[in-house]
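The structure appears right after this line, and notes come after that.
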Amino acid sequence: KQAKAAGKPQVYEPREASAARRRFSIETELRRALDKDQLRLFYQPLINLKSGEVAGFEALARWTHEDRGEISPTEFIPVAEESGLILQLGRWAMDRAAQTVAEWDRQAGEPLPVYVGVNLSAIQVARDNIAEVVESALRSTGLAGNRLTLELTESSIVQDPGRAMRVFEALKALDATVAMDDFGTGYSSLAYLQRLPIDVLKIDKSFVTGMMRDPDAVAIVRAVLSLADALGMSTTAEGVETVELATTLATLGCASGQGYYFARPLEADAALEYWKGRRKK
Ligand code: C2E
Ligand code: CA
Ligand code: CA
Ligand code: CA
């Protein structure tokens, strides 16, 4: 994920002296925003493509800057990774997501049959004690481990596969679900898929949005679905923007879908309402 971010062109900002300068001020201001608890988490539903019910939510960080307005995570997450602030941000996101799910359960009067997916940066995997971060979020909220899905990228494996193996196994020991995020965009070898305890493959939205006009993208999605099936893994498709995509993915056997066709990332209260609205019984 880092390599991908580094290769992206900088957005030209006429009011900034340079992209490097914007980056530096983003870092300073992100540090301040984290200290003042000014980041928020939004929750995007993942829909079970067979039943139409909400299977879970992905927690996504949001930052509304006092002067600059909304800053995209595609801009501030790479800055957080390069500056090391991702460790603090990652711990915050884990705690916040677990607190939200515990609050939903409290409001519903019972554990909701949904999980929350939390993104883990490769930097966290390399430098933090992930198992301790997850365990502490579970302990302070009383949530069961199976309410959490950790979304890891292929980049967290390639650098130090041995370490990745220990992290993944520690997460499984806590009964958490492990998802391979942005699957197909990284450089990991298929051998890791077989060796690591991975429960879910998340098909990157670049393949999904390509499906409507590009037969090759359909072939890739088909191949990933059959690979997951053969390895006993579940599947989620990102970037489901149209009803046609939702129907096609359901027909191909993809287990769940996430995208603007269903819902954008929502505030916690709206996410709970969305879950209620899709409930079958
Ligand atoms: P991601 O993990 O691949 O998350 C999915 C992204 O796709 C989100 O972008 C989501 O808003 C967007 N998305 C969902 N449905 C659709 C759709 O139908 N069409 C399109 N075009 N996009 C859709 P977002 O929220 O801007 O986040 C971007 C990336 O920033 C995430 O990509 C993730 O890598 C990172 N990120 C966000 N929050 C966190 C966090 O708390 N921790 C870490 N480590 N990374 C985060
Ligand atoms: Ca993700
Ligand atoms: Ca993803
Ligand atoms: Ca993605």
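Please find the FRET efficiency linking N48 to R139, where r is the Cβ-Cβ separation and R0 is fixed at 45 Å, and quote it to the nearest 0.05. Show your work: numbers first, answer last.
Values: r = 29 Å, r/R0 = 0.65.
Using R0 = 45 Å, I get an efficiency of 0.95.
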* If you rank M212, M233, M94 by how much accessible surface each has, with a 1.4 Å probe, what is the order from largest down? -> M212, M233, M94
* Structure fact -> Taking only protein heavy atoms and a 1.4 Å probe, the highest-to-lowest accessible-area order of Y187, Y274, Y261 is Y187, Y261, Y274
* Taking the chain as a Gaussian network, Cα atoms linked when under 10 Å apart, which of A102, A223, A268 shows the biggest mean-square fluctuation? -> A223
* To do: Compute the FRET efficiency between F24 and K281 as 1/(1 + (r/R0)^6), taking r as their Cβ-Cβ distance and R0 = 51 Å, and round to the nearest 0.05.
  => 0.45
* Solvent-accessible heavy-atom area per residue, rounded to whole Å², over the chain at 1.4 Å -> 49 Å²
* Send over the per residue convex hull volume for segment 35-126, Cα only, as a whole number of Å³. => 128 Å³
* Considering only A173, A191, A237, give the residue with the highest GNM mean-square fluctuation for the chain, with springs between Cα atoms whenever their separation is below 10 Å. => A191
* Among Y43, G90, V114, whose Cα sits farthest toward the positive end of the charge dipole of the chain (+1 at Cβ of Lys/Arg, -1 at Cβ of Asp/Glu, about the Cα centre)? -> V114
* So how exposed is I47, as accessible area in Å² (1.4 Å probe, rounded to 10)? -> 0 Å²
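Once you sort the root eigenvalues of the Cα gyration tensor of the chain as a ≥ b ≥ c, which label holds: rounded (a/c under 1.5), prolate (a/b larger than b/c) or oblate (the other case)? Numbers along the way, then the final one.
Working: a/c = 1.29, a/b = 1.18, b/c = 1.09.
Because its axes are fairly even, with a/c under 1.5, the chain counts as rounded.
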* **Solvent-accessible ranking of F207, F168, largest area first, probe 1.4 Å** => F207, F168
* In a GNM of the chain with a 10 Å cut-off on Cα contacts, which of G56, G142, G117 has the highest mean-square fluctuation? -> G142
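Counting DSSP beta bridges in the chain, what percent are antiparallel, to the nearest 5? Could you put the intermediate results ahead of the total?
Values: 15 of 37 bridges.
In the chain, approximately 40 percent of DSSP beta bridges are antiparallel ones.
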* **Gap separating the Cα centres of segment 153-168 and segment 245-281, nearest whole Å** => 30 Å
* If we restrict to alpha carbons, what Rg and Dmax does segment 129-219 come to, in Å? -> 15.1, 48
* Asked: Can you give the accessible area of K172 in Å² (nearest 10), computed on protein heavy atoms with a 1.4 Å probe?
  -> 70 Å²
* Debye intensity ratio in log₁₀ form over the Cα atoms of segment 216-266, taken at each q of 0.15 Å⁻¹ -> -0.39
* Asked: For segment 17-160, what is the percent of antiparallel DSSP beta bridges, rounded to the nearest 5?
  -> 60 percent
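Can you classify segment 159-281 as rounded, prolate or oblate using the Cα gyration tensor, where a ≥ b ≥ c are the square roots of its eigenvalues, rounded means a/c under 1.5, and otherwise it's prolate if a/b beats b/c and oblate if not? Don't jump to the answer; show the numbers that get you there.
Values: a/c = 2.06, a/b = 1.24, b/c = 1.66.
Note, shape of segment 159-281 comes out oblate.
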* Asked: Using 7 Å Cα-to-Cβ label points, what is the R213/Y261 separation (nm, one decimal)?
  -> 1.7 nm
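Per 0.36 nm of contour for each residue apart, how much would the distance between T242 and D229 grow if the chain were fully extended, relative to their Cα-Cα spacing?
On the way: separation 13, 0.36 × 13 = 4.68 nm, distance 2.44 nm.
Length difference between fully extended and current span is 2.2 nm.
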* Whether segment 154-202 is rounded, prolate or oblate, judged on the alpha carbon gyration tensor where a/c under 1.5 counts as rounded -> oblate
* For the chain, give the percent of accessible area contributed by carbon and sulfur heavy atoms, probe 1.4 Å, rounded to a whole number. => 50 percent
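The values are calculated or read from the model by the stated rules, or taken from the named source; none is laboratory data. In this text the structure is predicted, and so the values were computed from the model without any measurement. Glycine also receives a Cβ, built like all others from the backbone with ideal geometry; neighbour counts cover every protein chain displayed. The area values use the complete protein model at the heavy-atom level, side chains included, leaving out ligands, DNA and RNA. Shrake-Rupley method; radii C 1.70, N 1.55, O 1.52, S 1.80 Å.
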